[in-house]
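The values are calculated or read from the model by the stated rules, or taken from the named source; none is laboratory data. Keep in mind that this is a model prediction, so the values were computed, not measured. Glycine gets a Cβ as well: all are built from the backbone with ideal geometry, and neighbour counts include every protein chain shown. Just so you know, the surface numbers come from the protein's heavy atoms only, side chains and all, with ligands and any DNA or RNA stripped out. Shrake-Rupley method; radii C 1.70, N 1.55, O 1.52, S 1.80 Å.
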Amino acid sequence: MKLVDIDKKRYRKHLNWVFAGIAVALTAIAIGTSTILIRLFSTPEESNFWLNLAGVVIAVALVVALLQKLRPHPFMREVVYVWELKQVLNRIYRREHKLEAAVEAGDLDALIIMNFFYRGSKQLYELDNNLVTIDELVDKIRYHDKRLAEAGLTTDTDTFDPAMLNHSN
């Protein structure tokens, strides 16, 4: 995965549209499906809980299928990129303590992974307006830049490959 510059306003606009679309679709499909199921299978003395739950499950399945179908659409580019970036950063975060120990031991792959982690996190902070703790992150980036320079590496993130996580500590 490569870090890509994306337009923050476009990302936020598209993300809001996607979230609104998901909410409307889930609501409409769940209510519509539940209503149909109740009309077809309910009796007056029965609870409709399971039929309502089935309507919600069907709605979730249909919306997930729709999102998978729309995933390659240009409108979804920024939203999908951020979603994938968050997944990769989460994989790194779960190994952060081991990776930091590997960095201290001089592991070049760990240095590259952590460089991607810090710079990708900074991009997410900026895109999501999470500026409360960004100064702490910038300090970590500066410290990590020194470690990269000592190892003869650049701050470029293009050498990162998610497959590196399969072989890291």
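All conditions but one from (1) open to solvent by 80 Å² or more (accessible area, probe 1.4 Å); (2) outside any helix (DSSP H, G or I) apply to Leu62; the one that does not is (2). The set of residues in the range 132-146 that are in contact with a helix residue (DSSP H, G or I) (Cβ under 7 Å, 6 or more places away or on another chain) and free of Cβ contacts under 8 Å to residues at least 12 places away in the same chain is empty. Only residues that are among the β-branched types (Val, Ile, Thr) and under 30 Å from the mean Cα position of the chain (by Cα): list them for the range 43-78, please. Once the filter is applied, which keeps residues that are among the β-branched types (Val, Ile, Thr) and under 30 Å from the mean Cα position of the chain (by Cα), the range 43-78 yields Val56, Val57, Ile58, Val60, Val63, Val64.
From the list Ala163, Ala105, Ala101, Ala149, which residue is in contact (Cβ under 8 Å) with a residue 12 or more places away in the chain, loosely packed, with under 14 Cβ neighbours inside 10 Å and small (Gly, Ala, Ser)?
Ala101
Look through the range 1-21, keep the residues that are over 21 Å from Asn129 (Cβ atoms) and surrounded by fewer than 15 Cβ atoms within 10 Å (Cβ to Cβ), and return whichever of them is modelled with the highest pLDDT. Once the filter is applied, the top-ranked residue is Gly21. At least 2 residues being under 30 Å from Arg10 (Cα atoms) is the threshold, and among the helices (runs of 4 or more DSSP H) wholly inside the range 67-169 those reaching it are 77-94, 108-127, 134-150.
Restricting attention to the range 133-143, the residues that are within 20 Å of the chain's Cα centre (by Cα) and open to solvent by 30 Å² or more (accessible area, probe 1.4 Å) total 1.
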